[in-house]
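Asker: One structure, as structure tokens, below. Some questions next.
The values are calculated or read from the model by the stated rules, or taken from the named source; none is laboratory data. As the structure is a prediction and not an experimental result, all values here were calculated from the model. Here Cβ is always computed from backbone atoms with ideal geometry, including for glycine, and neighbour counts include all displayed protein chains. All accessible areas refer to the heavy atoms of the entire protein, side chains included, with ligands and DNA or RNA removed. Shrake-Rupley method; radii C 1.70, N 1.55, O 1.52, S 1.80 Å.
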Amino acid sequence: MLNNIFNFVTSNIIDYIPEQIIDFFSRKYIAGPSLSDAIKATIDLNSKGIMSTIDVLGESVVNEDQTIFFRNECIKVLETIKKESLNANLSLKPTQMGLVINKALCYENIRKIVKRAKELDNFVRIDMENSPYTTDTLKMYRLLREEFPGHVGTVLQAYLRRTVDDIERLSDKPLNIRLCKGIYIEPYKIAYKNPQLINENYIYCLEKLFSKKAYVGIATHDEKLIFHAMRLIEKYNLKTNDYEFQMLMGIGDELRDFILSKKHRLRIYVPYGKEWLSYVRRRLKENPNIIMTALGIK
Ligand SMILES: Cc1cc2nc3c(=O)[nH]c(=O)nc-3n(C[C@H](O)[C@H](O)[C@H](O)COP(=O)(O)OP(=O)(O)OC[C@H]3O[C@@H](n4cnc5c(N)ncnc54)[C@H](O)[C@@H]3O)c2cc1C
């Protein structure tokens, strides 16, 4: 009860906690300020048999030059992965590439990155942001998978009521989807709010994706979902290369070991960069218990 009250109060005041204090908690979730930090983290993960997806932190960009900066940085990530022979790919956010200001610019930026990924035999995952951007993100994914099949994927969120229909709509061609619960605050009208329903929809969507032979990044730290995913993998007789588990940096070390011990493939999301504030605030809102643990209260 006391814990629930603490979580409720904390998640509502996180936006007002000064940046210097949030910085203290950020270290757990991000590799560091520069690409070399993400590379170091990836080398460490690869040495443990874990793949990574590198994310350049930054979102809601409203300046065209800045979108070009992020585009070039993403291309640098892909080129460095190649140069260092790492087992890693790239994740990016549409609003980092200009979706807020200009859809055509955003598409062109992402297209250039995916084109480079194809040249380097790598892969780009387009993250899913909040609901005003869902339709445009899926449209871009559709176009890009047509031009660069096998080199691009996107994300679907189990909390959205539309997701089951999106799977149906998208499954006319081979699908590469990261399935997550969804992290943004969405209205009841379009999103499930009940955690149990979100979980049920997650399993429903996961089974639908498997039945449509999609490649799925099973992105969750929820043990119950991981349990069900493992049953579905068995049911559909999937090979190790037909799917992967995905987790975020800084969360669930014991779960990582469990997944690896069962011989499943695992990829860790490794964010780096100077624009870490929104990302870390979202993570802390999701789990304010971290603040208690770090302060030694729990
Ligand atoms: C690889 C990856 C990529 C993602 N990409 C997207 C995306 O593109 N769009 C999007 O909307 N969401 C994305 N998410 C976030 C996702 O939607 C969820 O918000 C997040 O994963 C928490 O949900 P969960 O499934 O882990 O279950 P939860 O029930 O939230 O968590 C299960 C357990 O995990 C641990 N845990 C969860 N969150 C935290 C935390 N912040 N700090 C410490 N422990 C924690 C706790 O022990 C918790 O009990 C991504 C998640 C992953 C793993």
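Asker: With respect to TYR192, is the statement that it is of a type in the set (Phe, Trp, Tyr), under 20 Å from ILE251 (Cα atoms) and within 13 Å of the ligand (Cβ to nearest atom) true?
Answerer: It is false that TYR192 is of a type in the set (Phe, Trp, Tyr), under 20 Å from ILE251 (Cα atoms) and within 13 Å of the ligand (Cβ to nearest atom).
Asker: Which ones in the stretch 167-181 are part of a loop (DSSP other than H, G, I, E, B) and either within 11 Å of the ligand (Cβ to nearest atom) or open to solvent by less than 50 Å² (accessible area, probe 1.4 Å) (or both)?
Answerer: SER171, LEU175, LYS181
Asker: If I ask for residues that are within 16 Å of the ligand (Cβ to nearest atom) and either within 30 Å of GLY49 (Cβ to Cβ) or among the aromatic types (Phe, Trp, Tyr) (or both), which ones from the stretch 78-95 would you list?
Answerer: Residues satisfying the conditions are ASN87, ALA88, ASN89, LEU90, SER91, LEU92, LYS93.
Conditions (1) within 19 Å of LYS76 (Cβ to Cβ); (2) basic (Lys, Arg); (3) buried (at least 23 other Cβ atoms within 10 Å of the Cβ); (4) without any contact (Cβ under 8 Å) to a residue 12 or more places away in the chain, marked per residue:
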| residue | (1), (2), (3), (4) |
| --- | --- |
| VAL124 | yes, no, yes, no |
| LEU143 | no, no, no, no |
| GLU147 | no, no, no, no |
| ALA158 | no, no, yes, no |
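Asker: Right, next: Anything in the stretch 93-122 that is closer than 24 Å to THR163 by Cα and touching a residue at least 40 places away in the same chain (Cβ under 8 Å)? List them, or say none.
Answerer: PRO94, GLN96, VAL100, listed by residue number.
Asker: Conditions first: (1) in a helix (DSSP H, G or I); (2) aliphatic (A, V, I, L, M); (3) modelled with pLDDT under 95. ILE43 passes all but one, so which condition is the exception?
Answerer: (3)
Asker: Among the residues of the stretch 82-103, is there at least one that is of a type in the set (A, V, I, L, M) and in a helix (DSSP H, G or I)?
Answerer: There is no residue in the stretch 82-103 that is of a type in the set (A, V, I, L, M) and in a helix (DSSP H, G or I).
Asker: Here is a further query. Which members of the stretch 78-112 meet the condition of being touching a Lys or Arg at 6+ places or on another chain (Cβ under 7 Å) and either small (Gly, Ala, Ser) or under 20 Å from THR134 (Cβ atoms) (or both)?
Answerer: Matches in the stretch 78-112: SER91, MET97, ASN109.
Asker: Scanning the stretch 62-114 for residues that are surrounded by 22 or more Cβ atoms within 10 Å (Cβ to Cβ), out of contact with any Cys (no Cβ under 7 Å at 6 or more places or on another chain) and of a type in the set (A, V, I, L, M), which turns out nearest to MET140 (Cα to Cα)?
Answerer: Among them, the one singled out is ILE110.
Asker: Give the stretch 244-279 a look and list any residue that's among the small types (Gly, Ala, Ser) and either in contact with a Cys (Cβ under 6 Å, 6 or more places away or on another chain) or near the ligand (Cβ under 10 Å from one of its atoms) (or both), or say none.
Answerer: GLY250, GLY252, listed by residue number.
Asker: Right, another one. Can you tell me which of TYR133, TYR141, TYR184 is part of a loop (DSSP other than H, G, I, E, B), farther than 20 Å from LYS224 by Cβ and not β-branched (Val, Ile, Thr)?
Answerer: Among TYR133, TYR141, TYR184, only TYR184 is part of a loop (DSSP other than H, G, I, E, B), farther than 20 Å from LYS224 by Cβ and not β-branched (Val, Ile, Thr).
Asker: Going by the conditions given, is LEU284 within 13 Å of the ligand (Cβ to nearest atom) and in contact with a strand residue (DSSP E or B) (Cβ under 8 Å, 6 or more places away or on another chain)?
Answerer: no
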